[in-house]
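Scroll down for the structure; my scribbles are underneath it.
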Amino acid sequence: MAEALLMKADGADAAARDLLKTLLASGKVRGVMTLVETGPAGEVNYELVADAAALEKATPLYPLMPANAGGLLSRLTVLEGFEEPVAAFLRPCELRAFVELGKLHQVDAENILLISATCGGVYPLRASLNGGLADALPAYWEALANGDGAEGLRPTCSACEHFVPFGADLVLAAVGSGAAGRLAVVASTPRGEEALEGLEGAAGEAEMETAGVKSLREKRGAARAELFEKEPLATPGLEGLVAFFGRCVGCRSCRSVCPICCCEICYFDSATTEPTPRTFDVHLKRKEGTRVPPDTLLFHLGRLTHMSVSCVGCGMCADACPVYIPVATLFAKVGAGTQTLFEYVPGKDPAEEVPLQRFEEDELVEVGEERFDS
Amino acid sequence: MNEEFRPDILGIFCRWCSYSAADLAGVSRLKMPPTTKVVRVMCSSRADPVFALGALLSGADGVLVAGCAPGDCHYKTGNYQTRRRYALVEKIFDTLGLDNRRVKLVWIPASEGPKVKRVITAMTESLREAGPNPARAEMFI
């Protein structure tokens, strides 16, 4: 049991909004970053709001992710931190991305009160076109309150096992809150406890691990097993990769929305990889022909070697793909493999370095041995 | 096994140990298959896996990365970083069903000219078995 604020509200989203309003009104934070409804047909965007009245349209738990907020928060604070305290409402995977970016020296977390919630997942952005989510929303909120997984979510959401946030200052116990009748905001850090101090509402104790969380974890685990046990490619190997990325138009949106891909200049945008007449010359000497422009697969495979250990599986890449390549599923699967290799959970522990920035002297001894028989 | 097939191997050798060993192998007139074209780098950790992937996708049959033995890195820790990266590549190849015979990392100390011969011969043999890189026949890459 942890110290908690017990809120009475009409559903988890309203409770989250009330919490942000109370925090802003109390003067404990100067601003709030959260999802805000910006259009009549369920359009939502992240906004940094400084006025409690403007939070009327805030909808922190709206099941869409227009951008990974961890990445957004990094862009806001990469040069310097906020001067005054700001609260940010992030989903668990956004928070994990934020923590990863911290390890890569891309954020200043000083003065940020991190608020998260146990997460019911989000729908693909496409599902929200022309108000398409309106019909699904009531069922979504109900599934969230009951701890059932909603249907039609992003594939990586349906198979997400980290829907209970790591290391947020405050966590709203949204999943499975229906049975409890009251919504609990649990303080998980001293900063969170400080934020709750003196706020209106019955102070009490609560547990994040509700029955709903347990039942959802079971469902997600089963979905994950089903999704991840399937081979990532229809045909393993190069042939399968070519088929998978065959319709890639090379827009690199997957990378630009990826919270982990934070390099100022990506290797694949550098002059090194710019095709020159010589590139084609080399290709044509060795091969029957080549794609123009070349190196589609190199881009995707290269990105896997650069960021898969830190992939939080948020699913932004697949949502941003204009030709509907399920990039996120492939990257999450490869990421699961590489993360297991280094026994690493991205975004779990801010003190743990990214695997490719550290090493143990006595590990992986078989790599580098003469093994040519396999 | 196709005896006619001569694989093309890109070697990325560290300047301090492996390249010196290759030099020694040459000076000692050790005979080995003429399959490996060596690029010298200051440290095996310079060999970003993207270089290996790039070579493979442009049609090389294999990539051989060689560095100082663990503990002997001229820069103290470079080869430990290399080891993590190539363990990662191996894992990615496993997941995607790519042929792990085509990318190898080995440690070759400066004094071990014969090991250069042994490693290049073994890799050549294993790539003969693997056959030509399918990327050569694949236009969309």
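We did not get these values from a lab; they are worked out from the coordinates using the rules stated. Just so you know, these numbers come straight off a predicted model, no measurement behind them. Virtual Cβ from ideal backbone geometry, glycine too; neighbours counted across all protein chains shown.
Below, the figures for the structure above:
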read-out	value
C-alpha center-to-center spacing [segment A:161-179, segment A:204-220] in angstrom	8 Å
Shielding by partners, peptide B:90-102 (average Cβ within 10 angstrom, other chains)	6
Percent of Cα pairs exceeding the 23 Å cut-off, where the set is segment A:1-142	35 percent
For segment B:77-141: rounded, prolate or oblate by the Cα gyration tensor [a/c cutoff 1.5]	oblate
Virtual spin-label span in nm between B:R40 and B:H74, 7 Å along Cα→Cβ	0.9 nm
As computed over chain B, the Cα convex hull volume per residue (Å³)	95 Å³
Per-selection Kirkwood Rh - segment A:108-218 (Cα, Å, 1 d.p.)	15.2 Å
Gain on full stretching of the segment that runs from A:A53 to A:E352 - 0.36 nm per residue minus C-alpha separation	103.7 nm
Residue exposure sequence - B:I108, B:I9 - by fewest surrounding Cβ within 10 Å	B:I9, B:I108
Approximate spin-label separation A:H105-A:D281, in nm, with each point projected 7 Å along Cα-to-Cβ	3.9 nm
Among A:G39, A:G132, A:G221, residue whose mean-square fluctuation peaks in a GNM of chain A (springs only between Cα atoms under 10 Å)	A:G39
Globularity index of the protein assembly as shown, i.e. its alpha-carbon radius of gyration over 2.2 N^0.38 Å	1.10
Among B:T124, B:T95, B:T35, residue whose mean-square fluctuation peaks in a GNM of chain B (springs only between Cα atoms under 10 Å)	B:T95
Three semi-axes of the equivalent ellipsoid, segment B:1-74, Cα gyration tensor, whole Å, largest first	22, 18, 8
Cα-centre dipole for segment B:1-100 with unit charges at Cβ (Lys and Arg positive, Asp and Glu negative), debye to 20	500 debye
Relative contact order %, segment A:11-149, counting alpha carbon pairs below 8 Å whose residues are six or more apart	24 percent
Cβ-based exposure ranking for B:M123, A:M208, B:M42, in which fewest neighbours within 10 Å come first	B:M42, A:M208, B:M123
Neighbour-count order for A:K287, A:K333, fewest beta carbons within 10 angstrom listed first	A:K287, A:K333
Antiparallel content of DSSP bridges confined to the protein assembly as shown, in %, to 5	40 percent
FRET efficiency for A:T340 and A:R371, using Cβ-Cβ distance with R0 set to 30 Å, rounded to 0.05	0.90
Fluctuation leader among A:D13, A:D51, A:D148 - chain A, Gaussian network, Cα springs under 10 angstrom	A:D51
Inverse mean reciprocal Cα-Cα distance (Kirkwood Rh) of segment A:229-374, Å	17.4 Å
Positive-pole candidate from A:C258, A:G178, A:P165, dipole of segment A:137-292, charges at beta carbon	A:C258
Cysteines, chain A, no other Cys beta-carbon under 4.7 Å	A:C119, A:C157, A:C160, A:C248, A:C251, A:C262, A:C263, A:C266, A:C311, A:C321
Exceeding the 31 Å Cα-Cα cut-off - candidates A:K348/B:K115; A:K28/A:K103; B:K76/B:K117; A:K8/A:K28	A:K348/B:K115
